[in-house]
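Report on the following structure.
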């Protein structure tokens with residue numbers, strides 16, 4: 001289970017690295033596209049120029065995220081072909097239709113209208129132009145559906161049959177693949193996570209902008225970023241509420257469909273008593289298969305079954321059931337225990353990220369309410385609150401990464417649940433030196449892309465909504481001294497000019513002579 005310097009270990013590491021990094025930008029793109037679409041629609045309806053300015057400003061951040069997301073997505077596709085060719089051959093007939101639709105319909109729709117939206121601000125009526133960003137968001141959302149359709153088959157295979165000649169899966173019913181119950185539980189969870197992420201990006205970056213000296217000196221920028229904070233808070237709060245509800249629906253399905261995954265998220269090795277307590281924190285020893293937890297009575301039964309009764313099956317029991325179900329079929333004694341520490345803490349960080357995002361949104365709305373004037377002065381008086389809200393920019397990324405880890409690590413040892421193991425999906429031509437090289441190259445490339453994204457996002461933010469500001473630059477002591485000397489000289493000159501201007505004509509002649 002520990003990723004080491006083996007073909008399997010390095011392939012798994014590369015998949016995790018490329019997928020996690022790619023998934024940083026997908027929720028941002030979907031969430032910001034929706035937020036910008038709403039902003040521009042409000043402008044089209046009530047003609048408030050502030051919302052047009054907001055749509056253009058936050059649209060820049062959306063475009064940056066979209067560009068980086070495309071690049072990281074291409075890298076992810078490369079590693080599939082290079083490292084997981086056995087998996088690709090096994091799944092090709094199933095994945096062909098969903099991924100073809102994703103590329104030909106969803107991505108083309110998204111990429112076409114993002115270009116039309118970006119270059120036609122003054123060529124169409126506001127309502128028509130707003131339609132372009134809505135179609136861009138629709139394309140992004142459709143992409144998510146088809147990608148999740150493929151992933152949902154890996155979690156819960158439906159609509160297939162096994163080719164007796166090759167042993168590969170063959171598509172039997174496309175509609176069964178589309179109607180996969182796993183898909184329609186995962187999709188709302190992902191979309192509302194994206195909504196929450198987009199809202200928190202707007203809220204958090206606006207808070208950072210409010211801390212900047214340029215914003216404090218321009219009333220127009222204060223009003224702009226205060227309005228952005230309120231808008232982002234509403235979007236993030238809606239996302240936080242509904243992502244929690246969607247996550248509960250998905251959990252109900254996982255309890256029955258992947259009991260090992262659910263038991264690991266709660267660090268349950270032995271069957272619980274009835275009612276089941278919930279572990280707030282747990283000290284887990286995966287070698288001894290023990291967990292010492294601080295528990296809240298009844299809570300796990302309430303969370304799992306929505307009632308104050310019911311026990312939860314432990315990993316030891318599930319492991320025995322899986323041995324009976326699959327060992328004979330695959331002709332080997334497999335280890336069905338998943339990485340418990342990773343899943344336990346990923347679940348808690350994921351849930352905590354939604355709670356923090358919701359709380360930060362409520363605080364932002366409270367401190368910018370109408371009873372406090374325009375909210376600007378109140379926020380400026382509470383710099384600690386702005387720092388907290390700014391830090392919350394990064395909270396959703398922790399949550400989405402935690403959710404991804406639960407989804408993928410909780411499926412171990414399967415790459416396609418019950419059909420193909422991770423070890424059997426690796427490319428036979430992959431080598432350790434080749435994987436080491438590509439891992440290093442991809443890692444450095446991701447660092448570069450991350451630096452570019454942060455640099456340009458920061459630049460857009462500190463230039464302000466009118467794009468006329470300057471970036472804060474760290475100056476040397478000599479530069480600061482020269483600037484101070486220049487300022488003093490200018491001040492002295494201004495004082496002399498003022499003094500001369502205040503004299504009579506004769507006095508002015510004497511002074512100038």
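How much length, in nm to one decimal, is gained on full extension between residue 270 and residue 352, taken as 0.36 nm per residue of separation minus their Cα-Cα distance?
On the way: separation 82, 0.36 × 82 = 29.52 nm, distance 2.58 nm.
Gain in length upon complete extension: 26.9 nm.
Measure off 7 Å from each Cα along the Cα-to-Cβ vector at residue 45 and residue 172, then give the distance between these two points in nanometres to one decimal.
Output for this residue pair reads 4.8 nm.
Could you give the angle, 0 to 90 degrees to the nearest 10, between helix 49-83's Cα long axis and the longest principal axis of the Cα atoms of the chain?
Here the helix axis deviates by roughly 40 degrees.
Any chance you could run the full-extension gain for residue 295 through residue 454? It's 0.36 nm times the residue separation minus the Cα-Cα distance, nm to one decimal. Can you show the working numbers first?
On the way: separation 159, 0.36 × 159 = 57.24 nm, distance 4.04 nm.
Between residue 295 and residue 454, full extension yields an extra 53.2 nm.
Return the distance in nm (one decimal) between the two label points of a simple spin-label model at residue 285 and residue 179, each offset 7 Å from Cα along Cα→Cβ.
5.0
Considering Cα pairs under 8 angstrom that are at least six residues apart, work out the relative contact order of the chain and quote it in whole percent.
RCO, the chain: 18 percent.
Run the numbers for residue 74 and residue 119: contour at 0.36 nm per residue of separation, minus the present Cα-Cα distance, in nm.
Numbers: separation 45, 0.36 × 45 = 16.20 nm, distance 2.47 nm.
Contour length minus Cα-Cα distance gives 13.7 nm.
Give the Debye-formula value of log10 I(q)/I(0) at each listed q (0.19, 0.25, 0.27, 0.31 Å⁻¹), with one equal scatterer per alpha carbon of region 268-311, two decimals each.
Log-scaled intensity ratios, in q order: -0.55, -0.83, -0.90, -1.04.
Over the Cα atoms of region 161-311, what Rg and Dmax result, in angstrom?
Taking only Cα atoms of region 161-311, I get Rg and Dmax of 22.7, 73 Å.
Before anything else, pin down the relative contact order of region 1-121: Cα pairs under 8 Å, at least 6 apart, normalised by residue count, whole percent. Let's see the in-between values first.
On the way: 61 pairs, mean separation 30.8, N = 121.
For region 1-121, the relative contact order is 25 percent.
Nearest 10 degrees, 0 to 90: what angle lies between the long axis of helix 432-463 and the longest principal axis of the chain (Cα atoms)?
For helix 432-463, the angle is close to 30 degrees.
Under the rule a/c < 1.5 gives rounded, and otherwise a/b versus b/c splits prolate from oblate, where does region 65-106 land using the Cα gyration tensor? Spell out each step's value before the answer.
On the way: a/c = 4.43, a/b = 1.30, b/c = 3.42.
Because a/c hits 1.5 or more and a/b fails to exceed b/c, region 65-106 counts as oblate.
Translational diffusion coefficient of region 57-150 at 10 °C, 1.306 mPa s, Stokes-Einstein with Kirkwood Rh over Cα pairs, in µm²/s as a whole number.
Details: Rh = 14.8 Å.
Calculated translational D: 108 µm²/s.
Ranked highest first by the average count of other Cβ atoms within 10 Å around their residues, in what order do 191-202, 88-99 fall? Working shown, then result.
Values: 191-202: 28.1, 88-99: 18.0.
Most protected by this proxy first, the peptides run 191-202, 88-99.
Counting other beta carbons within 10 Å of each Cβ, put 212, 22, 306 in order, fewest first.
Details: 212 17, 22 21, 306 10.
Neighbour counts put them in this order, fewest first: 306, 212, 22.
With the contact rule set at Cα under 8 Å and sequence spacing of 6 or more, what percent relative contact order holds for region 294-372?
Working: 20 pairs, mean separation 10.6, N = 79.
Once normalised by length, the contact order is 13 percent.
Can you show me the helix-derived [θ] at 222 nm for the chain, built from DSSP H runs with n ≥ 4 at -39,500 (n - 2.57) apiece and divided by the number of residues, rounded to the nearest 500. Don't jump to the answer; show the numbers that get you there.
Values: 19 runs with 365 residues, N = 513.
Using -39500 (n - 2.57) per qualifying helix, the result is -24500 deg cm²/dmol.
Against the longest principal axis of the chain, how steep is helix 85-101, in degrees 0 to 90 to the nearest 10, with axes from Cα atoms?
On a 0 to 90 degree scale, this one is about 60.
Taken together, the values in this text are just the output of simple stated rules run on the coordinates, not laboratory data. Note that the coordinates shown come from a computational prediction; the quantities given were computed from them, not determined experimentally. Here the Cβ is made from the backbone with ideal geometry for all residues, glycine too, and neighbour counts use every protein chain on show.
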